[in-house]
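**Student:** Input: one structure, supplied below.
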Amino acid sequence: EKLADHFHLSNQQLLLTHGSEQGIRYVFDSFLDYRDEVVYLCPSYAMYDVFAYFNKAISKKIEFGKSRHISLDRVLEAVTNKTRLFVLANPNNPTGSFFTFEEIEHIAKHTLNNKTMFLLDEAYFYYYKIDSLALIEEFSNLIITRSFSKAWGIAGARIGLIFSDKNNISLLMRQKPM
């Protein structure tokens, strides 16, 4: 209840997890089936590859190449109506690149139009201060994960959060062990 108040959300719009990594896995496990397409930037958080592999999904990676930036147009081109899940670490680790609030909003619209779930991994949210939580009210396909370990300095506690619409949170809660 205190976290919901802190983030100005209802209790049904958030879920505590054992670190944001577990929250990310819940999303992969809940929204990907055999041979479903998942799109994400490369390089990025290494566990995206692992979770895609566990779910026998098809990974489509948007490569950085020589640049440390990927344009919005490249993302929109990569995410099609075949894409079941788009994952974006924002800001990205290890490149440090990030998308603006307006670009995230544009991606959310594009993924919604393509019936694609959009996982916004904000493990490093506190280092760039773009607050995208308001977008979960508008986009039912948006799921945001955050971690307490980066800015709060409590990595040993393994606390993460998932934010989304109450229907997604209800579905993700089914993944949570007792």
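The values are calculated or read from the model by the stated rules, or taken from the named source; none is laboratory data. Bear in mind the structure is a predicted one, so any value in this text is a computation, not a measurement. We place every Cβ from the backbone using ideal geometry, glycine too, and count neighbours over all the protein chains shown. These accessible areas exclude ligands, DNA and RNA; they are computed on the full protein's heavy atoms, side chains included. Shrake-Rupley method; radii C 1.70, N 1.55, O 1.52, S 1.80 Å.
**Student:** Roughly how compact is region 114-178, stated as its Cα Rg over 2.2 N^0.38 Å to two decimals?
**Tutor:** Normalised Rg, Cα atoms only: 1.19.
**Student:** How large is the charge dipole for the chain, taken about the Cα centre, if only the Cβ atoms of Lys, Arg (+1) and Asp, Glu (-1) carry charge, to the nearest 20 debye?
**Tutor:** Values: 20 positive and 20 negative charges, 101 e Å.
Computed about the Cα centre, the dipole is about 480 debye.
**Student:** Going through the cross-link list Lys61/Lys176; Lys82/Lys109; Lys2/Lys166, which pairs have a Cα-Cα distance over 22 Å in this structure?
**Tutor:** Lys61/Lys176
**Student:** So, in Å, what gap is there between the alpha-carbon centers of region 112-173 and region 8-86?
**Tutor:** 12
**Student:** Over the chain, with the other protein chains present, what is the accessible area per residue in square angstrom, probe 1.4 angstrom?
**Tutor:** Here the residues of the chain average 52 Å² of exposed surface.
**Student:** Would you compute, from DSSP H runs of 4+ residues alone, the mean residue ellipticity of the chain at 222 nm, taking -39500 (n - 2.57) per run and dividing by the full residue count, rounded to the nearest 500?
**Tutor:** After summing the helix terms and dividing by the residues of the chain, the value is -8500 deg cm²/dmol.
**Student:** Might you work out the accessible area of Phe98 for me, using a 1.4 Å probe with all protein chains in place, and round it to the nearest 10 Å²?
**Tutor:** Surface accessible to solvent at Phe98 totals approximately 100 Å².
**Student:** With a ≥ b ≥ c taken as the square roots of the eigenvalues of the C-alpha gyration tensor of region 11-77, please select rounded if a/c is under 1.5 and otherwise prolate if a/b is larger than b/c or oblate if it is not?
**Tutor:** Prolate, because a/c is 1.5 or more and a/b exceeds b/c.
**Student:** If you don't mind, another one. Among (i) 1.05; (ii) 0.93; (iii) 0.97, which is the computed Rg/Rh (Cα atoms, Kirkwood Rh)?
**Tutor:** Recomputing Rg/Rh (Cα atoms, Kirkwood Rh) here gives the entry labelled (ii).
**Student:** Tell me, what is the 1.4 Å probe accessible area of Lys109, in Å² to the nearest 10?
**Tutor:** 100
**Student:** Follow-up question, since we're still on this one. Given axes a ≥ b ≥ c from the Cα gyration tensor, I'd like to know whether region 23-116 is rounded (a/c under 1.5), prolate (a/b larger than b/c) or oblate.
**Tutor:** oblate
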